[in-house]
Amino acid sequence: MTPLLETDVELVEQKSNANVYEVAYGRTDRPTLAVVDALARIESVDPSELSPLHDAIDTDALDRLVDHARGRTPEAAFTVTFTFDGYEIEIDHPGRIRIEAPAR
């Protein structure tokens, strides 16, 4: 799949639950851009059609947190969970995001 933004995002839908997506992104990518790219892919829309992510979370703070964790150890233990447009988004270490879509 061609990236919608300048990220290296791989979107993989879990087989056990059609509403849950695992997202792998490049370790140099900003996690906030990876979230937007992944949600645009899930929704099959251009990223500009989504609500602004910064309405749900401080995007600069999130990127800094992940960068800080990335600098401590490759698999730093942390979890950030927030809701955006009905999606539950969880970043549990640099390079991986879990997105649970709202029931439809």
Next on the checklist: Would you confirm, using the coordinates I've provided, whether Ala61 is free of Cβ contacts under 8 Å to residues at least 12 places away in the same chain and either part of a helix (DSSP H, G or I) or in contact with a strand residue (DSSP E or B) (Cβ under 6 Å, 6 or more places away or on another chain) (or both)?
Outcome noted: yes
Checklist outcome for this item: In the stretch 1-37, anything among the hydrophobic types (A, V, I, L, M, F, W, C) and at pLDDT 90 or above is listed as Leu33, Ala34, Val35, Val36
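The values are calculated or read from the model by the stated rules, or taken from the named source; none is laboratory data. Remember, predicted model here, so these are calculated numbers, not experimental data. Positions of Cβ are backbone-derived with ideal geometry, glycine not excepted, and every protein chain shown enters the neighbour counts.
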